[in-house]
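Laboratory data are not the source of any read-out in this text; all were calculated from the coordinates shown. Because the structure is a prediction, the values reported are computed rather than measured. FYI the Cβ positions are ideal-geometry reconstructions off the backbone, even for glycines, and counts take in every protein chain you see.
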Amino acid sequence: MSARVGGTSSYQEHTAKVAALIESKRGTWDGISAESVARMRLQNRFQTGLDIARYTAAIMRADMAAYDKDPSQYTQSLGAWHGFVAQQEMIAVKKHFGTTQRRYIYLSGWMVAALRSEFGPLPDQSMHEKTSVPALIKEIYTFLRQADARELGMLFRELDAARKAGDRAKAAELQSRVDNYQTHVVPIIADIDAGFGNAEATYLLAKKMIEAGACALQIENQVSDEKQCGHQDGKVTVPHDDFLAKVRAVRYAFLELGVEDGVIVTRTDSLGAGLTKQIAVSRTPGDLGDQYNSFLDCEEVAPGDQRNGDVLINRNGKLLRPKRLPSNLYQFRPGTGADRCVLDSIASLQNGADLLWIETEKPHIGQIASMMDRVREVIPNAKLVYNNSPSFNWTLNFRQQVFDAWEKEGKSVAEYDRAKLMSAEYDATPLAAEADERIRTFQADASKRAGIFHHLITLPTYHTEALVVDNLSKEYFGSQGMLGYVLNVQRKEIRQGIACVKHQNMAGSDIGDDHKDYFAGEAALKAGGAHNTMNQFG
């Protein structure tokens, strides 16, 4: 979307309005340049986080409508743990594709816990400071807005140069680019975990996250004080009434703050969660509480067989004793996870959710579609946000899927050992090639077949950082010395046109120089002169 979406004034309109204001001050503001103010306004388009939340919520709603018409129009995001990382993602997207359309940013609670907590690295168990999540949202948008200011500043410099050269056509073209500038500010889908407490705590945290700029909040149906990563064991879910109270709390937060298009993503961990902390309240047969309890692992009890401390359920005239563990948790019957996911999803959509998230243990289109087909029988436009997780061994999973498909088709698999398909000895085989092709098309195929509107990778930059630093450390501290950095980092930056090779510019040095010009004119002491070593990079 361009800078003028939502009624934003053009460059000329801003300049004219400020010029009139300066003139009205009868000479006392003559040291102020109307055009410089116009530039600063365009470089700081979003004044508050709520401005961002409203703007990005509208984008997300439009993308959801487009997906409903054409499932090839799915959206994507990469997880970011720092504002700089998110900034570089969007700079790269604009550089390579010319538009940020249908590209978002994901904010992972896992990465906040592991990388942003004052307690140090923590597991994904909601032990980190809840305020660190809205702080990261604010940080990300600070960096994205700075990317706008930097890029617009370079356009303004080009405009000044064109005017100085008397090239009116070039100046007009540059002014048009300014007026139709596409911001780096994109939607963030932000992880609120299980709400960090009760519904009131969820509401208060949601407000902070929305005020920081989040237009979409993702909340899961685990119990807050027993929360686990979705890909670890020991997950405990809550009855629907408890979870839906938190969903409503998030909606109230959006509405109170005037973000009427705010998006709620409800995540169910029921596929891998075999435990519950509570037996649901049931008022009538077949209600949500009764359906939740129907999955409990129970044994029938005769009237005289009751034991001290028993908790009993009366279902259709029968007394049932749910199996209670020493932890005081109750367990569900094995094999009921998919059915519970379907019930969770339908209940969420019927009670205020906009998008679903079904946490799975592997990336398998058939598995996802088998649940979503059932949900869509009730709610035809149900849509998923799906975690393309680094917790999955994608290579092994897809090689095994191809192995199984070939075996079912009667194709020979004698040369392959299914249990060892991750081995590098298979990397150049036809089976590996087909598996890689299935990985390449997974997102497009799953979006068409399984209703996935948004594909995200939760922790990609956690892993890229570790990989890059490992490679750099091996070379730099080894025999390659400085060539390890130059060959594998700086020269690649130059060859690939990575903007960060001019790190002073990326950090805002040129923006500061522009401001010095505005404030002090010819007396300005600027950093970007002939002796700035950034000039070595052209």
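Length gained on full extension, LYS516 to TYR485: 7.7 nm, using 0.36 nm per residue less the C-alpha separation. Computed extension length for ARG324-GLN73: 85.7 nm, one decimal, from 0.36 nm per residue of separation with the Cα-Cα distance subtracted.
For the residue pairs LYS420/LYS492; LYS95/LYS362; LYS277/LYS362; LYS17/LYS502, alpha carbon separations beyond 28 Å are given by LYS420/LYS492; LYS95/LYS362; LYS17/LYS502.
Each residue of segment 39-47 was assigned a 3J(HN,Hα) from its phi angle through the Karplus curve 6.51 cos²θ - 1.76 cosθ + 1.60 (θ = phi - 60°); the sequence is 5, 5, 5, 5, 6, 10, 4, 8, 7 Hz, with glycine and proline shown as x. Near the amide H of VAL263, within less than 5 Å, lie the amide hydrogens of ALA216, LEU217, all on another chain or at least 5 residues away, with H placed in the peptide plane.
Derived scalar couplings between HN and Hα for segment 335-349 equal x, 9, x, 5, 4, 5, 4, 5, 4, 4, 5, 5, 4, 5, 5 Hz in order, rounded to whole Hz, by the Karplus curve 6.51 cos²θ - 1.76 cosθ + 1.60 (θ = phi - 60°), x for Gly and Pro. Backbone amide hydrogens, once placed in the peptide plane, bring LEU384 within less than 5 Å of LEU356, ILE452, PHE453, HIS454, excluding anything fewer than 5 places away on its chain.
Rounded to the nearest 5, the antiparallel percentage of DSSP beta bridges internal to the chain is 30%. For segment 406-419, backbone phi angles converted through the Karplus equation (6.51, -1.76, 1.60; θ = phi - 60°) give residue-by-residue couplings of 5, 4, 5, 7, x, 7, 5, 10, 4, 7, 10, 9, 4, 6 Hz, Gly and Pro being listed as x. Counting only DSSP H runs of at least 4 residues, each contributing -39500 (n - 2.57), and dividing by the residue count of the chain, the helix-based mean residue ellipticity at 222 nm comes to -15000 deg cm²/dmol. For the pair segment 93-111 / segment 377-393, the C-alpha centres are spaced 18 Å from each other.
Distance between the modelled labels on ALA135 and ASP404, one decimal in nanometres: 4.4 nm (7 Å Cα→Cβ projection). Amide H contacts for PHE332 (H built 1.01 Å from N in the peptide plane; partners 5 or more residues away or on another chain; cut-off under 5 Å): LEU275, THR276, ASP297. Net length available on complete extension from ALA92 to THR48 is 13.3 nm, with 0.36 nm assigned per residue and the Cα-Cα distance removed. Arranged from fewest to most other beta-carbon atoms within 10 Å of their beta carbon, VAL250, VAL378, VAL301 become VAL378, VAL301, VAL250.
Counting every C-alpha pair in segment 362-492, the share spaced more than 22 angstrom apart comes to 56%.
Projecting label points 7 angstrom from Cα along Cα→Cβ for ARG315 and GLU493 puts them 6.2 nm apart.
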